[in-house]
Amino acid sequence: MNLTQEHIDFENHCKQIIGLKLYSVDYYEIKYNPGNPTRNYKTRYVEIDSVDYSIVLHSETENVEICWDDQFYQFGVGLRINENSQFDGYQIWNMNDSEIWSDFIGEQILDLNITWETITTTEENTHKKKKIIYPQDMTIVFSNNKKIYISAAEFLNSNDVEVFGPLDNLTVTNNERIAKQVKMII
């Protein structure tokens, strides 16, 4: 796969979070029922969440927002450091004590890996095909040798056994076996 300078710059930008110690984690989720806050990120799998907007990692000095964005393709994984969320209709859920995130609080980020995928699109007017390389998945490695897997994907229906991507949700787990089973990662 031939990555352009823009792809390399994106990877380098994301790798800036290496060395941060995780203090807290929040999910920023769209408010579907403003008068009745509901945790919509839960899935049929206890070890998988599907967040409809972003995941914010807090260290003592930095706020890192992992979201789906359109830098390369409309539903790729994105990462912002110390930027305000670009969405204001959200509800915030602290995830420090969750089954997925509790083992990572107080741990340092040792590495970050991006899985680049290729998609071919066809322009409507010209029918010209265009190949796009975009960031589909992100794996974050922590100092306790555990990993978090984040993908721009989601379950389309509550009874689905596999996720579909690229889509406008972030599917997250700390279980590699489950991530492979539901096709979050290969």
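I'm trying to understand the selection: among the residues of the stretch 14-64, which are closer than 25 Å to LEU156 by Cβ, outside any loop (DSSP other than H, G, I, E, B) and of a type outside the set (S, T, N, Q)? Give the steps one after another, and end with the answer.
Residues of the stretch 14-64 that are closer than 25 Å to LEU156 by Cβ, as a first pass: 27-34, 36-55.
Still in the list and also outside any loop (DSSP other than H, G, I, E, B): 27-30, 42, 48-51, 53-55.
Selection gives TYR27, TYR28, GLU29, ILE30, LYS42, ILE48, ASP49, VAL51, TYR53, ILE55.
Of everything in the stretch 65-85, what is without any contact (Cβ under 8 Å) to a residue 40 or more places away in the chain and either of a type in the set (Gly, Ala, Ser) or assigned to a strand (DSSP E or B) (or both)? Give them in sequence order. Let's see the steps before the verdict.
Within the stretch 65-85, the subset without any contact (Cβ under 8 Å) to a residue 40 or more places away in the chain is 65, 69-70, 80, 82-84.
Selection gives GLU65, ASP69, ARG80.
If I ask for residues that are of a type outside the set (A, V, I, L, M, F, W, C) and within 24 Å of GLU176 (Cβ to Cβ), which ones from the stretch 32-58 would you list?
As a first pass, look at the stretch 32-58 and keep what is of a type outside the set (A, V, I, L, M, F, W, C): 32-45, 47, 49-50, 52-54, 58.
Result: TYR41, LYS42, THR43, ARG44, TYR45, GLU47, ASP49, SER50, ASP52, SER54.
Considering only the stretch 134-181, how many residues are farther than 19 Å from GLU29 by Cβ and small (Gly, Ala, Ser)?
The number of residues fulfilling the criteria is 2.
Could you check the stretch 116-128 and list, in sequence order, the residues that are under 18 Å from the mean Cα position of the chain (by Cα) and of a type outside the set (S, T, N, Q)? Please lay out each step first, then the result.
So in the stretch 116-128, the residues under 18 Å from the mean Cα position of the chain (by Cα) come out as 116-118.
Correct list: TRP116, GLU117.
Which of (1) without any contact (Cβ under 8 Å) to a residue 24 or more places away in the chain; (2) farther than 17 Å from ASN169 by Cβ does PHE104 not meet, given it meets every other one?
All conditions pass for PHE104, except number (1).
Conditions (1) in a helix (DSSP H, G or I); (2) over 15 Å from the mean Cα position of the chain (by Cα); (3) surrounded by 13 or more Cβ atoms within 10 Å (Cβ to Cβ), marked per residue:
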| site | (1), (2), (3) |
| --- | --- |
| ILE114 | no, no, yes |
| ILE133 | no, yes, yes |
| VAL141 | no, no, yes |
| ALA179 | yes, no, yes |
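Residues being touching an Asp or Glu at 6+ places or on another chain (Cβ under 8 Å) and at pLDDT 90 or above: count how many of those fall in the stretch 64-97.
12
With TYR23, TYR90, TYR32, TYR45 as the choices, which residue is aromatic (Phe, Trp, Tyr), surrounded by fewer than 19 Cβ atoms within 10 Å (Cβ to Cβ), touching a Ser or Thr at 6+ places or on another chain (Cβ under 6 Å) and on the phi < 0 side of the Ramachandran plot?
Values: TYR90 fails: touching a Ser or Thr at 6+ places or on another chain (Cβ under 6 Å); TYR32 fails: touching a Ser or Thr at 6+ places or on another chain (Cβ under 6 Å); TYR45 fails: touching a Ser or Thr at 6+ places or on another chain (Cβ under 6 Å).
The match here is TYR23.
The values are calculated or read from the model by the stated rules, or taken from the named source; none is laboratory data. It should be emphasised that the depicted structure is a prediction, and the values quoted were computed from it without experimental measurement. Methodologically, a virtual Cβ is constructed for each residue, glycine included, from the backbone with ideal geometry; neighbour enumeration extends over all protein chains shown.
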